[in-house]
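The values are calculated or read from the model by the stated rules, or taken from the named source; none is laboratory data. If you're wondering where the values come from, they're calculated on a predicted model, not measured in any experiment. Cβ sites come from the backbone with ideal geometry, for glycine too, and all protein chains shown count toward neighbours. Surface areas here come from the heavy atoms of the whole protein model, side chains and all, with no ligands, DNA or RNA. Shrake-Rupley method; radii C 1.70, N 1.55, O 1.52, S 1.80 Å.
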Amino acid sequence: MRVPTVRAALLGTAAVAALFTTPANAQPSPGAADAQTPNNAKTQTQAATASDQAIVVTARRRNELLLNVPIAVTAYSGEQLDRRGALDLADLAKTTPDVTLKASRGTNSTLTAFIRGVGQQDPVAGFEQGVGLYLDDVYLNRPQASLLDIYDVERIEVLRGPQGTLYGRNTIGGAIKYVTKRIPTDGPHFSARTNVGTHGQFDAIISGSEPLTSALRVSAAVARLSNTGFGKNLTTGQSNYNKAVWGTRGTIEFQPAPDIFFRLSGDYTWDNSNPRGGHRLIANLCTTPACNGAFPVLGNVFDTQGSLNDPVQHVESGGIALSGEIGLNDWLKFRTITAFRKDHSTTPIDFDALPYVDLDVPAIYRNRQFSQELQLVVDKGPLQGVGGFYYLNASASDVFDVRLYTSAPGLGLTAATRGLVKTNTWAGFADFTYNFTDQLSLSLGGRYTWDRRSANVFRQNLILGGSPELGGSPPFNQTGTPFPTPAGSVTSNFTGRRVDTAFTPKASLTWKPNKDHTIYVSYSRGFKGGGFDPRGQTTATPRTNPTTPPTAQDIFNFMTFKPETVDSYEAGWKASVLDHRLQFAAAVFDAEYKNVQVPGSAGGFTAGGVPTFVGITTNAGGARFRGVELESNLRAGENIATPGDRFTLSGSLGYLDAKYTKFLSVVTRDINGNAIAATTVDLAKYRHIQNTPKWTLSGTADYDTPMGGGRLDLNTTVSYRSASQQFELASPMLDQPGFALWDANLVWRSAGNRYEFALHGKNLANQKYIIGGYNFLAQNPYTGQYIIPLANGTSIPGLSPTLGKTGVLTGYYGNPRQIFLSAAVNF
């Protein structure tokens, strides 16, 4: 494969770029991985004990030193996360370059993840994530309940760039590996931690383990995580942005021989937090007497005024996994990972955030999955690697209403949607490294994936009798009457199936001038399967001939979307220098993205005589991502103020030049906002990659000193994210300008870490920043300017709803200032 000149020049700058390093890496997690570390990694670990880079990770599905892995990966130990007061996965985005992790709009625990500009923020069935999340090597197929809380964790690894060879489809942007603690073998252990803080925060985490015999060990952990909210729903009286979560994990480990190990683990979470209501960014636009109440923009961005509370907000999720490892001989291991997971969510999302029934969306999500993975791990002389087979059987369903205001007394109107998407996929993969010398190695890998998706989408317009606030379509406590139109009330009744296949290769060449330096160049391909939009309306299918109904093929083409792929080229340099006082990792990359899947919702559409929105997912065309990532950790001083103290500086930097190279879209207005006949145009210069800031920066200062028979650690972090958009088209007021967050922590630990007391402060400057939102206002399709369409086909600047009457421009915000005390005991 020929590498273009510009890309070759970009990769050739890796050594120069690394000289400007400033970012943060994880501290080592002592002892946890030693039992599984291969012989070559053990030797290098012993030789690198003075280095904070002596961290063992499993980014390539085998145990390796972080310093040696030719992948851009950031690793956080459980101890490091405790020191920084990390509460959930979203906290990792502060100090990991080119990464966005946040709660999805209108939810408490659904994860929106982007890495290097690749991700997906729509949680409905049919859309797959661009970032793979793995809990103890089990892939979580759906985003619901995936914003994992951090407790009982050994380490978390964030892999940037396509990971399709070893981790498969839907890791086109990268992968996150959440690794829970292994059970200690040296006797019973017990630990308890509690956090008490502002906004009524109260967390309690208890865990314990017991070796029943020399071969059999058990452990369990229980967590209660709660706060009373950051704001209030002024209509229902409920607290807003509160948290009420119970979580539990249990593990049984059986090791009858040194080279035989089995682990049975289970986890379950109950989330009874209130619905998360959004903050209206504009005043009420309704002019109809029944909904024209004066509702100015609220002063507290965490307050809301939505009335929807049907169904009751509730999320349950859990799973069970059985993993095993058997040493077949001194160089070959067999591994198996079998898992089943399911989750169920009921959530009321009040788009307009007002007491009126106007774009109210109650929803039910149900997901389940079964997966099986088999691996053979090789470590023989100069050859190391892994090969295997993966199978996934999954289903995802969603049921939701789109309730709209009607001026008829006692009547409501809804578009009721039922979507079911089933997935069957299998893959064979291999990734091997051959060490020609102690300095030069070549890694080659590939994965073949077969992916089948089938979908059923049913949508019907219904009239709701009685009070629309208290009922909905049949799953939501009320029987609706079909909306009478000549064409009938059903606007979608679709069944479809598609099969996609892909081969995703990977290659890297690594040069180690000595044990403290790793320089690599790599190529990898990522793949995300095609699918179906469960919000699609078959009646919205564009017609080849306006005088005849659309054909079955026209409808299929409208409801489906094709796979997307990315080809990524990367060069990196990892090193531990200055007598292991400075560690850094630098990477430059160029990724070429094809058939980019862009989910979207459009208002202003009428189906069966009812105004509604329609899901429109397109393969927009192409995109290009080029960037630089730098991470570093410097032990700047020791024995500064007292004997045994140390001062450390660390930081991270991500620069991402992301842009669309092709974005085909149908527009009905020109650049001046005037109505035109529907025309397909390339809007690449007017579209931006969503949820992707150009700059992500962080800096941390850490001072650690002996005190009171233990050690006192003081650390502070400032992180910065430049401006980013919520959607491809600009949304003024909703898009977030650049902002900085400031955290600080004070932690004392006794000798042996038996006792711990800490004071944590997060977002100490109380920065207000938007992390998601909804927009159903008329816009200029080029500039994003809000417009009021006029009867003569022209438009003027202003605010005009495309769906409903009150106008929807609703934002959701990141957490405000939080200060909490933490105490822990370990026996």
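Criterion applied to Asn763, Asn753, Asn691, Asn745 was being in contact with a Pro (Cβ under 8 Å, 6 or more places away or on another chain) and either on the phi > 0 side of the Ramachandran plot or surrounded by 15 or more Cβ atoms within 10 Å (Cβ to Cβ) (or both), and the one residue passing it is Asn763. I'd like the residue in the stretch 266-307 that is more than 34 Å from the chain's Cα centre (by Cα) and among the β-branched types (Val, Ile, Thr) and, out of all such residues, is least open to solvent (accessible area, probe 1.4 Å). Of everything passing the filter in the stretch 266-307, Thr288 is least open to solvent (accessible area, probe 1.4 Å). Only a single criterion out of (1) open to solvent by 30 Å² or more (accessible area, probe 1.4 Å); (2) assigned to a strand (DSSP E or B) is not satisfied by Thr717, namely (1). Given the criteria at pLDDT 95 or above and surrounded by fewer than 17 Cβ atoms within 10 Å (Cβ to Cβ), does Ile337 qualify? So Ile337 does not fit the description; no. Would you be able to tell me the number of residues in the stretch 486-536 that are assigned to a loop (DSSP other than H, G, I, E, B), open to solvent by less than 10 Å² (accessible area, probe 1.4 Å), under 19 Å from Ala416 (Cα atoms) and not charged (D, E, K, R)? Adding up the residues that qualify gives 2. Residue pairs whose Cβ atoms lie under 8 Å apart, sitting 6 or more positions apart in sequence or on different chains, and linking a residue in the stretch 676-704 that is acidic (Asp, Glu) to a partner that is open to solvent by less than 30 Å² (accessible area, probe 1.4 Å) and modelled with pLDDT of 95 or more, are Asp702/Thr648; Asp702/Ser650; Asp702/Asp713; Asp702/Asn715; Asp704/Asp645; Asp704/Thr648; Asp704/Leu712; Asp704/Asp713. When Ala353 is tested against (1) under 18 Å from Gln313 (Cα atoms); (2) in a strand (DSSP E or B), only condition (2) is not met. Looking at the stretch 92-103, which of its residues are within 15 Å of Asn745 (Cβ to Cβ) and open to solvent by less than 30 Å² (accessible area, probe 1.4 Å)? Matches in the stretch 92-103: Thr95 only. Mind counting the residues in the stretch 243-260 that are open to solvent by less than 60 Å² (accessible area, probe 1.4 Å) and out of contact with any strand residue (DSSP E or B) (no Cβ under 6 Å at 6 or more places or on another chain)? Within the stretch 243-260, residues that are open to solvent by less than 60 Å² (accessible area, probe 1.4 Å) and out of contact with any strand residue (DSSP E or B) (no Cβ under 6 Å at 6 or more places or on another chain) number 1.
In the set (1) modelled with pLDDT of 95 or more; (2) crowded, with 17+ Cβ neighbours inside 10 Å; (3) over 28 Å from Trp426 (Cβ atoms), Arg263 fails one condition alone, (3).
If you filter the stretch 552-582 down to residues that are surrounded by 21 or more Cβ atoms within 10 Å (Cβ to Cβ), out of contact with any helix residue (DSSP H, G or I) (no Cβ under 8 Å at 6 or more places or on another chain) and among the polar types (S, T, N, Q), you find that the one that is farthest from Arg535 (Cα to Cα) is Ser568. If the condition is being within 23 Å of Gly250 (Cβ to Cβ) and either open to solvent by less than 10 Å² (accessible area, probe 1.4 Å) or in contact (Cβ under 8 Å) with a residue 60 or more places away in the chain (or both), then the stretch 172-187 contributes Ile176, Lys177, Tyr178, Val179, Thr180, Lys181, Arg182, Ile183. Filtered by the rule that a residue be part of a loop (DSSP other than H, G, I, E, B) and either among the acidic types (Asp, Glu) or touching a Phe, Trp or Tyr at 6+ places or on another chain (Cβ under 6 Å) (or both), the stretch 564-596 gives a lone residue, Asp579. Counting only strands (runs of 3 or more DSSP E) that fall entirely inside the stretch 110-204 and contain at least 3 residues that are at negative phi and modelled with pLDDT of 90 or more, the qualifying elements are 111-115, 131-135, 153-160, 174-180, 189-197. Being surrounded by fewer than 21 Cβ atoms within 10 Å (Cβ to Cβ) and of a type in the set (Lys, Arg) holds for only one residue in Arg160, Arg169, Arg193, and it is Arg193. From the list Val666, Val628, Val596, Val588, the lone residue that is surrounded by fewer than 16 Cβ atoms within 10 Å (Cβ to Cβ) and either at pLDDT 95 or above or more than 30 Å from Thr510 (Cβ to Cβ) (or both) is Val666.
Listed by position, the strands (runs of 3 or more DSSP E) enclosed by the stretch 605-713 that each have at least 2 residues that are within 30 Å of Ala751 (Cα to Cα) and among the small types (Gly, Ala, Ser) are 621-638, 646-669, 695-707. Gly85 meets the conditions (1) open to solvent by less than 10 Å² (accessible area, probe 1.4 Å); (2) more than 12 Å from the chain's Cα centre (by Cα); (3) over 30 Å from Phe820 (Cα atoms) in every case but one. The failed one is (3). Among the residues of the stretch 341-363, which ones are in contact (Cβ under 8 Å) with a residue 40 or more places away in the chain and charged (D, E, K, R)? Scanning the stretch 341-363 gives Arg341, Asp343, Asp350, Asp352, Asp358, Asp360. Kindly establish whether Asn393 is polar (S, T, N, Q) and at pLDDT 95 or above. It is true that Asn393 is polar (S, T, N, Q) and at pLDDT 95 or above. Restricting Phe370, Phe351 to residues that are within 30 Å of Gly529 (Cα to Cα) and crowded, with 23+ Cβ neighbours inside 10 Å narrows the list to Phe351.
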